[in-house]
Structure formats: C-alpha cells, structure tokens
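To start, the structure itself, in structure tokens.
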Amino acid sequence: MPLADYHLHTPLCGHATGEPAEYVAVARARGLDEIGFSDHCPMPDLAGGAPFDDWRMRPSELPRYFEMIEQARANAAPFPVRLGLECDFIAGREPWIEELAGTADWDYLIGSVHYLAPDWDVDNPRHLSRFTASPGAVEEIWTLYWRAFADCARSGLFDFLAHPDLVKKFGHRPAGDLRRFYEPAIAATAASGVALELSTAGLHKPVGELYPSADFLALTHAAGVPIVINSDAHAPEEVGRDFDRAIAAARAAGYRASARFERRARRLVALPD
C-alpha cells in the first residue's frame with residue numbers, strides 16, 4: 001500500500017502503549033511505505049512546577065523522544081521513519097511552537113486544536129457535560145472550536161492540521177447547515193497552504209466517523225487543500241487501521257493523491273486504487 005502513517009504516538013505521552021519498533025513492524029506488515037512519529041508536544045510547566053496536563057511528555061523528556069525515534073530509524077533502515085510532533089495551537093503561545101520548531105530537524109509539525117480555554121480540552125470526556133450545559137452550548141462550542149482551527153491554519157506554523165472536526169468526537173452537532181463553520185476554516189487553510197489530515201481515529205470514537213466528515217472533505221478538495229491519511233495510533237495494532245475506508249472516502253471526495261513529508265518539504269503520492 002503506497003501510503004504513510006504520520007500520526008503515531010509513544011508511551012511518553014502517558015496514554016499510548018508499545019515501543020516505536022513495534023509500530024514499525026505493524027506498518028511493514030500492513031504494506032505501508034513509511035511512518036512518522038508525532039507525539040504530543042511538551043508544554044511549559046505551570047506556575048509552581050505542575051505539568052501542563054497529564055497527556056503529553058514533559059519538556060525534560062524531549063531529548064528522550066529524539067533518542068527513541070533515532071533508535072527506531074537505525075533499526076528500521078532503509079524503511080523511512082520520520083520525526084514529527086503534534087503541537088497544540090493555543091492563541092498567545094505561538095512563540096513556544098516556534099521555539100520547539102528550532103529544536104530538531106523535523107520532517108513535519110502537526111497543528112491541532114484541543115484547548116478552547118486553559119482548563120478545557122474539548123475532546124476530554126471529563127468536560128462532556130459542557131455540551132449539554134445550556135440549549136445553545138453546542139453552537140457556542142463549535143463556534144469557539146472552528147475559530148481556533150482557522151487561527152491555527154493561519155498561524156503558518158504547521159505542515160498539516162490534525163483531526164479537523166475533532167469537536168464532533170462525542171456526537172454533538174449544532175442544528176442547520178454546518179458549512180457556516182466549515183467554509184471559513186477551509187478558506188483559512190487553503191490560503192495558508194497547509195495540508196489537512198484525514199484521520200481514521202474518529203471511527204473508534206463515540207461519533208463513529210472519519211475526521212473530517214464527508215461534506216468537509218469534499219469542500220477541502222474543491223478548495224485545493226491537500227490531505228494526508230493517518231491513524232493517530234496510540235498502540236502498535238492501530239497503525240494503518242481502516243486505511244481502506246479512508247482511501248475510499250478520499251476518492252469519493254475527489255482526491256487522487258496524498259501528501260508525504262521530509263525535512264518539512266511536501267510532495268504528493270498517488271492514492272492506491
């Protein structure tokens with residue numbers, strides 16, 4: 001299968017299992033051409049030294065992350081293992097992402113939106129009650145999310161953007177035509193030149209759908225936005241999971257190629273039939 005899987009995590013994030021070599025083995029067994037690791041970026045500790053949250057490596061662990069990926073590369077050669085990072089876009093913290101960008105020869109940096117407020121990661125089930133807190137809560141949450149997503153795209157910090165409609169994870173959608181959310185975000189993405197991820201992870205969340213939706217994907221194709229197909233794997237057996245469904249969705253939206261990355265340079269490779 002002439003595809004890569006660039007959204008793979010490591011145990012350093014605290015909620016993934018398996019060593020990089022195990023992810024490589026599954027990728028090879030499933031016929032992928034290459035893979036890349038992109039664990040959740042470290043964030044500066046909070047005042048008093050508390051960790052930013054409980055689902056990412058600490059800043060002091062970044063050297064260990066580099067060692068893990070370098071060892072995986074050495075063991076897998078000549079099979080390509082790319083070095084990436086999934087970076088949370090939080091308005092006002094762009095200088096931290098710029099600092100991280102200078103710490104290694106990254107193959108790609110992924111931008112993602114999880115936080116709508118300092119204490120609110122929108123995909124965390126701890127905050128699920130926020131979606132039903134008031135009659136207009138879902139509309140408000142979607143407005144906040146897509147505004148942040150557009151800002152993430154406009155930042156110019158990233159090579160592609162992860163799980164574009166993550167806000168639907170628990171199945172909550174506002175009433176009416178959702179293009180009012182999609183179109184401004186896609187316009188910002190197209191203007192920035194950044195690619196978008198088509199993620200199979202959503203198939204295994206309460207919403208039971210690919211990220212993004214078919215309607216969103218059709219709009220991104222019409223806008224000329226390239227895609228990259230990923231699994232967001234947190235365990236070796238998830239590498240390349242459901243890529244047949246992602247390929248079918250991409251082709252139905254009009255795509256015939258997906259993106260590859262090396263040293264932050266992008267090229268396109270034809271999708272399998």
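Under the convention that each Lys and Arg Cβ holds +1 and each Asp and Glu Cβ holds -1, the size of the dipole of segment 4-270 around its Cα centre is about 700 debye. A Gaussian network model of the chain, with springs between Cα atoms under 10 Å, assigns the largest mean-square fluctuation among Gly48, Gly193, Gly31 to Gly48. Other residues within the sphere of radius under 11 Å centred on the Cβ of Leu3, judged by their own Cβ, net out at -2 (K and R +1, D and E -1). Each Lys or Arg adds one and each Asp or Glu takes one away; over the other residues whose Cβ falls under 13 Å from the Cβ of Ile227, this sums to +2.
Note on segment 4-270: antiparallel DSSP beta bridges, both residues inside, total approximately 30 percent of the bridges counted. The DSSP beta bridges internal to segment 46-160 are antiparallel in roughly 25% of cases. Membrane-span-like helices in the chain, defined purely by DSSP H runs whose alpha carbon atoms cover 20 Å or more axially and whose average Kyte-Doolittle hydropathy reaches 0.0, are 137-154. Spacing of the modelled spin labels on Leu268 and Glu140, each 7 Å from Cα toward Cβ, amounts to 4.2 nm. GNM on the chain, alpha-carbon springs under 10 angstrom: the most fluctuating residue among Thr132, Thr143, Thr200 is Thr132.
Counting Lys and Arg as +1 and Asp and Glu as -1 over every other residue whose Cβ lies under 14 Å from the Cβ of Arg251, the net charge comes to 0. Result for the chain in a Gaussian network model with C-alpha springs under 10 Å: among Leu210, Leu62, Leu128, the largest mean-square fluctuation is at Leu128.
Taken as Cα centroids, segment 152-178 and segment 12-80 sit 24 Å apart, rounded to the nearest whole angstrom.
Mind checking which of Val207, Cys152, Phe181 is farthest towards the positive end of segment 4-270's charge dipole, using Cβ charges of +1 (Lys, Arg) and -1 (Asp, Glu) about the Cα centre? Toward the positive end, the furthest listed residue is Phe181.
Every number in this text was worked out from the coordinates using simple rules, so none of it is lab data. Everything quoted here is computed from the prediction, not taken from an experiment. Counting neighbours? That spans all protein chains shown, and the Cβs are built from the backbone with ideal geometry, glycine included.
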